[in-house]
Amino acid sequence: MRRIDGDADKMTDIRTQQLLYHLTDLENLESILNTGLLPRNQLDRFHDIADPEIIDHRRRHNLDSHVPFHWFARNPFDGRVQTDHPDKEFVLITVNRLFAARQKWRIIPRHPLSNEELELHDYEPGFNAIDWEVMNQRDYHDPECKSICMAECLSPRIVRPTDFAIIFVRNDEIKAIVWEMAQLRGLNINVISNRHMFTR
């Protein structure tokens, strides 16, 4: 049986996967399907799930003009957000890494709030700057590994719904809701139910 990218255990090599992941509140999805994933500095009304300290740091480094994606599902950011908001339903919007490379997205090879100086690379050198061996350990008790697991791939522009590869959801009930949202807008987006990609 073919493995769906993201439904992986610790033996999976994250470097060789095909997708990038953006976690968002289900309540944001209608707006996203209307306008695309917008950089934070273009957003007006939305359900914010990010840490205020991180938001301020991103603003000061002009990262709020980019749309952030992570390299795998159930990363430390995803886990923290879902733990902090147990009453909310989340979805994972994905794009293909090849698309990101062709669109000249940028890469930060570790958590933007790490103690080291912020590194913002073009796609290929940024990809090569990530310590994939450490990331593959996914040891969130190790600060170094946790920081590398929070590496980001950043779109400098709006990510349109037609650019989405798959929207992952937690169960078939949410899948039906998301599928109907997409169909009402004439969007042919693959929606897959996979509870293993979420923390609950």
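The values are calculated or read from the model by the stated rules, or taken from the named source; none is laboratory data. Note that this is a predicted model, so its numbers are computed, not measured. Ideal geometry is used to build each Cβ from the backbone, glycine not excepted, and the neighbour counts take in all protein chains shown.
Going through the range 81-100 one residue at a time, which ones are surrounded by 16 or more Cβ atoms within 10 Å (Cβ to Cβ) and either in a loop (DSSP other than H, G, I, E, B) or of a type outside the set (Phe, Trp, Tyr) (or both)?
Narrowing the range 81-100 to residues surrounded by 16 or more Cβ atoms within 10 Å (Cβ to Cβ): 81-82, 89-97, 99-100.
Of everything in the range 81-100, those that are surrounded by 16 or more Cβ atoms within 10 Å (Cβ to Cβ) and either in a loop (DSSP other than H, G, I, E, B) or of a type outside the set (Phe, Trp, Tyr) (or both) turn out to be Val81, Gln82, Glu89, Val91, Leu92, Ile93, Thr94, Val95, Asn96, Arg97, Ala100.
Looking for something of a type outside the set (Lys, Arg), at pLDDT 95 or above, closer than 15 Å to Glu30 by Cα and more than 15 Å from the chain's Cα centre (by Cα) - is there at least one such residue anywhere in the range 144-165? The answer is yes, given that some residue of the range 144-165 is of a type outside the set (Lys, Arg), at pLDDT 95 or above, closer than 15 Å to Glu30 by Cα and more than 15 Å from the chain's Cα centre (by Cα). Cβ separations smaller than 9 Å between residues 6+ apart or across chains give the following pairs from the range 171-200 residues that are among the small types (Gly, Ala, Ser) to residues that are in a helix (DSSP H, G or I) and surrounded by 13 or more Cβ atoms within 10 Å (Cβ to Cβ): Ala182/Leu33; Ala182/Pro161; Ser193/Ile174; Ser193/Lys175.
Against the definition (of a type in the set (A, V, I, L, M, F, W, C) and modelled with pLDDT of 95 or more), how does Phe90 come out, yes or no? Against the criterion (of a type in the set (A, V, I, L, M, F, W, C) and modelled with pLDDT of 95 or more), Phe90 qualifies.
Taking the residues in the range 172-200 that are out of contact with any helix residue (DSSP H, G or I) (no Cβ under 6 Å at 6 or more places or on another chain) and of a type in the set (S, T, N, Q) as candidates, determine which candidate is farthest from Pro68 (Cα to Cα).
Going through the range 172-200, the residues out of contact with any helix residue (DSSP H, G or I) (no Cβ under 6 Å at 6 or more places or on another chain) turn out to be 172-180, 182-184, 186, 188, 190, 192, 194-198, 200.
Filter again for of a type in the set (S, T, N, Q), leaving 183, 188, 190, 194.
On the way: Gln183: 26, Asn188: 23, Asn190: 21, Asn194: 22 Å.
Result: Gln183.
If you go through the range 104-113 one residue at a time, do you hit one that is of a type in the set (Phe, Trp, Tyr), more than 15 Å from Phe69 (Cβ to Cβ) and part of a loop (DSSP other than H, G, I, E, B)? No, that holds for no residue. Counting only residues that are surrounded by 14 or more Cβ atoms within 10 Å (Cβ to Cβ), of a type in the set (Lys, Arg) and part of a loop (DSSP other than H, G, I, E, B), the range 161-189 holds 1 of them. Going by the conditions given, is Leu154 in contact (Cβ under 8 Å) with a residue 24 or more places away in the chain, surrounded by 12 or more Cβ atoms within 10 Å (Cβ to Cβ) and over 27 Å from Ile107 (Cβ atoms)? Taking the combined requirement at face value, the residue does not satisfy it. Among the residues making up the range 116-132, those that are more than 15 Å from Leu63 (Cα to Cα) and touching a helix residue (DSSP H, G or I) at 6+ places or on another chain (Cβ under 9 Å) are Glu116, Tyr123, Glu124, Phe127, Ile130, Asp131, Trp132.
Within the range 118-141, residues that are more than 14 Å from Ala101 (Cβ to Cβ) sit with their Cβ atoms under 6 Å from residues that are basic (Lys, Arg), at 6+ positions apart or across chains, in these pairs: Leu120/Arg106; Trp132/Arg15; Arg138/Lys10; Tyr140/Lys146.
Looking only at the range 3-41, residues that are surrounded by 13 or more Cβ atoms within 10 Å (Cβ to Cβ), at negative phi and modelled with pLDDT under 70 come to 4 in all.
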